[in-house]
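The values are calculated or read from the model by the stated rules, or taken from the named source; none is laboratory data. Note that the structure is predicted; figures quoted are calculated from it, not measured. Cβ atoms come from the backbone with ideal geometry, glycine included; neighbour counts cover every protein chain shown. SASA here: full protein model, heavy atoms, side chains in, ligands and nucleic acids out. Shrake-Rupley method; radii C 1.70, N 1.55, O 1.52, S 1.80 Å.
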Amino acid sequence: MNRLPVIPTLLVALAVATMIGLGIWQLQRKEQKDALLSRYESAVGLPAVAWPTVPDPAALPLFRRSSLICVRVVKIETVSGSNAAGKAGFAHVASCQTGEAEGPDAKVAFGWSERPQSPIWDGGRVQGIIAPYGAQRIKLVSTDAVAGLELLAEPSPSQIPNNHLLYAIQWFIFATAATIIYILALRKRTKAL
């Protein structure tokens with residue numbers, strides 16, 4: 001009678017259980033992301049809000065209209081972006097010093113161009129839509145034209161991917177593949193004995 005190798009079987013079982021657990025976790029994340037995207041969709045039509053002094057990571061006012069006063073432009077960076085017509089190019093994002101009421105620093109995406117050279121912009125009052133922005137959490141995407149630049153594409157919740165179902169399927173496929181490979185290896189071992 002052939003016995004299963006104990007240690008390899010335990011290792012494969014542990015790996016398969018982990019992959020299944022990760023798949024289930026991704027399904028739970030999908031539900032959470034669906035709820036978040038639904039909340040963002042409903043925020044699009046809500047009234048404007050004040051620019052947050054200190055953004056609360058648990059309740060960011062994403063996709064709400066807002067405004068701020070860029071008292072002084074500290075620096076301008078250029079990142080990839082699309083204009084209102086959907087053409088790819090460069091978004092120009094200013095780090096702005098604002099008044100005390102609006103916090104010490106704000107990111108303002110103030111325009112789009114085909115070239116990466118940073119334009120000159122002196123700041124001022126900016127109206128726009130609050131959008132996600134990396135480590136700073138939020139930026140204000142201007143809805144007003146700046147001389148020499150085109151308007152950026154308005155931020156939309158539809159631009160946020162929800163790939164968690166695909167990730168879950170991927171983990172379940174990995175678990176299935178590992179199980180099949182191990183069964184085939186056991187059969188080959190049994191035939192060799």
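Can VAL16 be described as more than 15 Å from the chain's Cα centre (by Cα) and closer than 24 Å to HIS164 by Cβ? Yes: the conditions hold for VAL16. Residue under question is HIS164, and the condition is that it be crowded, with 17+ Cβ neighbours inside 10 Å, out of contact with any Pro (no Cβ under 8 Å at 6 or more places or on another chain), over 25 Å from GLY45 (Cα atoms) and not basic (Lys, Arg); does it hold? Criteria met by HIS164. Tell me, yes or no, whether segment 129-140 has at least one residue that is farther than 24 Å from SER42 by Cβ and surrounded by 17 or more Cβ atoms within 10 Å (Cβ to Cβ). So far as segment 129-140 goes, no, none of its residues is farther than 24 Å from SER42 by Cβ and surrounded by 17 or more Cβ atoms within 10 Å (Cβ to Cβ).
Out of segment 42-74, which residues are closer than 16 Å to VAL141 by Cα and in contact with a Ser or Thr (Cβ under 9 Å, 6 or more places away or on another chain)? If the condition is that a residue be closer than 16 Å to VAL141 by Cα and in contact with a Ser or Thr (Cβ under 9 Å, 6 or more places away or on another chain), then VAL44, ALA48, VAL49, ALA50, TRP51, PRO52, PHE63, ARG65, LEU68, ILE69, CYS70, VAL73 are the ones that fit. For beta carbons closer than 7 Å, sequence separation of 6+ or different chains, a first residue in segment 1-25 that is closer than 19 Å to THR190 by Cβ and a second that is open to solvent by 70 Å² or more (accessible area, probe 1.4 Å) and assigned to a loop (DSSP other than H, G, I, E, B), the qualifying pairs are ASN2/LEU193. Among the residues making up segment 150-172, those that are assigned to a loop (DSSP other than H, G, I, E, B) and in contact with a Ser or Thr (Cβ under 9 Å, 6 or more places away or on another chain) are LEU151, ALA153, GLU154. Residues considered: ALA91, ALA106, ALA85. Of these, the only one that is out of contact with any strand residue (DSSP E or B) (no Cβ under 6 Å at 6 or more places or on another chain) and among the hydrophobic types (A, V, I, L, M, F, W, C) is ALA85.
On the basis of being without any contact (Cβ under 8 Å) to a residue 12 or more places away in the chain, open to solvent by 70 Å² or more (accessible area, probe 1.4 Å) and in a loop (DSSP other than H, G, I, E, B), does ALA147 make the cut? The answer is yes for ALA147.
Going by the structure shown, is LYS30 among the charged types (D, E, K, R) and over 30 Å from ILE180 (Cβ atoms)? So LYS30 fails the test.
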